[in-house]
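The values are calculated or read from the model by the stated rules, or taken from the named source; none is laboratory data. Everything quoted here is computed from the prediction, not taken from an experiment. When we count neighbours, we look across all protein chains shown, and the Cβ atoms used for this are built from the backbone with ideal geometry, even at glycine.
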Amino acid sequence: MNPVIPVLDLMISQVVLAAQGDRETYRPVHTKLTHSSQPLEVAKAIFNQTGCDVLYLADIDSFNGAHPNWKVYNDLVNAGFGLWIDANWVSGDQYQKITENIAKRERLKIILSSETLANFTDLDLLTKLIELDITPIFSLDRKAGKLFTRPGNLAEATSFELIQDVYEKGVRELILLNLESVGTMAGCADSENEFGALIQEIKQELPEIKITSGGGARHASDIQMLLELGCEHVLVASAIHQCKLTPDDIADLTSLQQSTQAFAP
């Protein structure tokens with residue numbers, strides 16, 4: 001699988017360009033790949049540029065109280081895309097409707113993000129997703145240097161305590177995301193900062209977990225750095241829309257990932 005996961009941020013059924021987690025400033029995406037901001041058209045344009053057919057979709061409206069956008073999800077799934085869907089699955093037990101509303105689930109993964117959660121009991125949803133034979137991904141979101149959650153006891157945990165808890169519930173895929181770096185093209189985590197150190201700690205203590213990170217990627221070397229740190233995948237949006245990643249870059253990164261995995265202990 002391609003190490004680059006393109007990001008679609010969805011608001012009012014359009015793809016928007018995320019900027020530092022400040023959603024009031026989000027506007028329909030202006031991309032060099034297409035004149036459209038419609039999700040399916042943008043997804044096809046991204047595929048034509050990168051060859052990536054698995055997408056991370058953040059349903060921003062659902063974080064603000066709307067129901068998940070089942071129509072857009074199905075349009076993308078039916079067009080052949082694999083989806084990692086980040087939405088508010090907690091409110092109204094929306095997770096129970098996944099099997100009713102999405103027919104093709106072979107390449108579907110559901111993201112439970114810390115920003116939608118308040119208490120440790122909310123993490124029980126991860127077990128329920130596994131019981132539905134749906135692969136859950138836990139997203140540990142940070143903002144302003146702190147764990148980003150709803151008010152509750154979850155905010156009192158350290159990042160690693162939270163990761164250990166979801167691991168014990170059966171989660172083997174994790175996203176680490178600094179919301180303030182999203183859309184900035186200001187560089188990614190490295191071995192010298194908090195997220196870089198956390199990636200290395202996870203790889204040492206919980207090597208079964210596959211880690212995805214992102215936010216701020218400017219070009220292929222930023223992505224390469226995260227892969228070398230131990231990430232399985234990197235989330236990318238702006239660099240793709242600005243054509244800072246070429247098809248050759250994607251091919252080289254895929255080869256790097258394959259060679260790294262081949263020599264992994």
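Out of segment 120-153, which residues are acidic (Asp, Glu) and more than 20 Å from Leu235 (Cβ to Cβ)? Once the filter is applied, which keeps residues that are acidic (Asp, Glu) and more than 20 Å from Leu235 (Cβ to Cβ), segment 120-153 yields Asp122, Asp124, Glu131, Asp133. Selection within segment 231-252: residues that are of a type outside the set (A, V, I, L, M, F, W, C) and buried (at least 21 other Cβ atoms within 10 Å of the Cβ). The member of this set that is farthest from Asp53 (Cα to Cα) is Ser238.
Total residues in segment 232-257 satisfying the condition of being of a type outside the set (A, V, I, L, M, F, W, C), touching a residue at least 60 places away in the same chain (Cβ under 8 Å) and touching a strand residue (DSSP E or B) at 6+ places or on another chain (Cβ under 9 Å): the figure is 6. Looking only at segment 217-262, which residues are β-branched (Val, Ile, Thr) and farther than 17 Å from Val7 by Cβ? The answer is Thr246, Thr254, Thr260.
Count of segment 104-128 residues, restricted to those that are buried (at least 18 other Cβ atoms within 10 Å of the Cβ), touching a residue at least 40 places away in the same chain (Cβ under 8 Å) and in a helix (DSSP H, G or I), is 5.
Of the residues making up segment 35-64, those that are aromatic (Phe, Trp, Tyr) and either out of contact with any strand residue (DSSP E or B) (no Cβ under 8 Å at 6 or more places or on another chain) or without any contact (Cβ under 8 Å) to a residue 60 or more places away in the chain (or both) number 2. Working only within segment 75-118, note down all residues that are of a type in the set (S, T, N, Q) and within 18 Å of the chain's Cα centre (by Cα). Within segment 75-118, Asn88, Ser113, Ser114, Thr116 qualify.
Kindly evaluate Leu162 against the criterion of being out of contact with any Phe, Trp or Tyr (no Cβ under 7 Å at 6 or more places or on another chain), farther than 22 Å from Asp59 by Cβ, in contact (Cβ under 8 Å) with a residue 40 or more places away in the chain and of a type in the set (A, V, I, L, M). Against the criterion (out of contact with any Phe, Trp or Tyr (no Cβ under 7 Å at 6 or more places or on another chain), farther than 22 Å from Asp59 by Cβ, in contact (Cβ under 8 Å) with a residue 40 or more places away in the chain and of a type in the set (A, V, I, L, M)), Leu162 qualifies. Just the residues that are modelled with pLDDT of 90 or more, of a type in the set (Ser, Thr, Tyr) and surrounded by fewer than 18 Cβ atoms within 10 Å (Cβ to Cβ), please, taken from segment 1-49. Once the filter is applied, which keeps residues that are modelled with pLDDT of 90 or more, of a type in the set (Ser, Thr, Tyr) and surrounded by fewer than 18 Cβ atoms within 10 Å (Cβ to Cβ), segment 1-49 yields Ser13, Ser36. With the condition kept exactly as written, say whether any residue in segment 135-150 is out of contact with any helix residue (DSSP H, G or I) (no Cβ under 8 Å at 6 or more places or on another chain), crowded, with 19+ Cβ neighbours inside 10 Å and either of a type outside the set (D, E, K, R) or assigned to a loop (DSSP other than H, G, I, E, B) (or both). Taking every residue of segment 135-150 in turn, at least one turns out to be out of contact with any helix residue (DSSP H, G or I) (no Cβ under 8 Å at 6 or more places or on another chain), crowded, with 19+ Cβ neighbours inside 10 Å and either of a type outside the set (D, E, K, R) or assigned to a loop (DSSP other than H, G, I, E, B) (or both). When the residues of segment 85-103 are narrowed to those that are in a helix (DSSP H, G or I) and polar (S, T, N, Q), which ends up modelled with the lowest pLDDT? Here the answer is Ser91.
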